[in-house]
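Please read the structure below before turning to the comments.
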Amino acid sequence: MAKKLTALLVGACLLLTGCSGVPTSGPVERVSADPGHVNSGVEIAPAPPGPNATPVEVVEGFLHAQASWQPQYAVARAYLTTEAAQRWRPEAGVRVYAEGNPVAATDTTATLRAPLVGTVDATGAYWQSTGTLDQDFGLVKNAEGRWRISTPPEGLTISEYLFASAFSRVTPYFFEPGGRWLVPDPRYYPRGSQAYEGAVQAVLEGPTDWLKPAVRPTDVSASLSHVSVSSTGMAAITLRGAGAPPAAAARTTLLTQLTRTFAQFETVTAIEVTWEGEPEPWTLPPYGRTIPVSAFPDADPAPRQGS
């Protein structure tokens with residue numbers, strides 16, 4: 001058991017080094033300790049379907065609209081029939097397919113067949129794939145005589161290029177069993193505020209299944225109420241829970257995880273954590289209520305990335 005745990009920890013530490021872009025293997029991957037600006041990349045303004053859109057234009061518009069996060073993916077849903085829009089679940093995950101595979105269409109149908117590069121599950125964890133995407137979108141005409149998709153794929157379906165442009169790699173951290181240093185567990189979320197929210201939620205929900213045997217779960221039972229980042233780089237995080245606020249030791253552990261997790265964002269310089277219903281943010285000596293992202297240097301996994 002000790003040998004297996006050591007192997008898992010060594011593999012996890014390797015995640016701190018390497019390259020950027022779409023992963024080529026998983027779940028263990030080599031990544032940069034600094035993912036850069038959370039809002040960098042190509043901004044894609046999705047457009048709703050035109051009144052005379054052809055079957056291929058409807059499908060291509062739907063695929064492009066998925067690469068830009070919006071509340072409920074409203075623009076992408078506009079390409080679906082009423083029934084399909086109600087049952088489509090974009091939060092179910094992401095399928096990433098290879099470039100150079102256009103939509104094939106006839107006068108009445110449109111399909112996409114392409115190699116799968118990888119998948120992202122509902123927790124944001126990336127997994128390499130060697131399968132094939134083969135999707136018939138079930139084009140039908142609605143009451144206005146306009147083409148709409150009746151059989152959308154489960155979750156999001158995004159090309160490799162758009163995935164690299166529209167998603168951020170975010171690395172939440174979890175303590176190794178001894179509680180001395182942190183271990184990374186990379187995830188992928190849509191750029192913008194979704195990356196901040198995903199980072200907090202990932203820490204609260206715990207590590208991915210493959211990493212669980214090598215790390216400690218988060219001690220605090222809570223969910224995210226709100227997170228925002230000010231123009232000065234302050235990340236204000238509000239948590240909520242059914243029971244009493246966590247004790248001092250559990251707060252310190254969680255603050256360490258959140259601080260080191262948010263240290264990867266160039267847009268964040270410090271964090272403040274508030275428990276919903278309490279008037280003031282948590283305080284922690286010697287930092288007080290505002291904790292700089294440079295705090296907890298002993299837990300920083302970066303010096304161990306070469307081991």
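Which of rounded, prolate or oblate describes the stretch 77-232 when judged by the alpha-carbon gyration tensor and an a/c cut-off of 1.5?
Numbers: a/c = 2.68, a/b = 1.99, b/c = 1.35.
Because a/c hits 1.5 or more and a/b exceeds b/c, the stretch 77-232 counts as prolate.
What whole-number value in Å² describes the accessible area per residue of the stretch 141-239 for a 1.4 Å probe? All intermediate terms of the calculation are to be shown ahead of the outcome.
Numbers: 3680 Å² over 99 residues.
Computed with neighbouring chains in place, this is 37 Å² per residue.
At 1.4 Å probe radius, can you tell me the per residue accessible area of the stretch 53-107 in Å²?
Details: 2620 Å² over 55 residues.
Roughly 48 Å² per residue, with all protein chains present.
Could you look at the stretch 237-281 and say what percent of its accessible area is carbon and sulfur, using a 1.4 Å probe and all protein chains? Kindly include the intermediate steps, with their values, before the conclusion.
On the way: 950 of 1770 Å².
On the stretch 237-281, the fraction of accessible area on carbon and sulfur atoms equals 54 percent.
The values are calculated or read from the model by the stated rules, or taken from the named source; none is laboratory data. Everything quoted here is computed from the prediction, not taken from an experiment. These area figures cover heavy atoms from the full protein model, side chains too; ligands, DNA and RNA do not enter into them. Shrake-Rupley method; radii C 1.70, N 1.55, O 1.52, S 1.80 Å.
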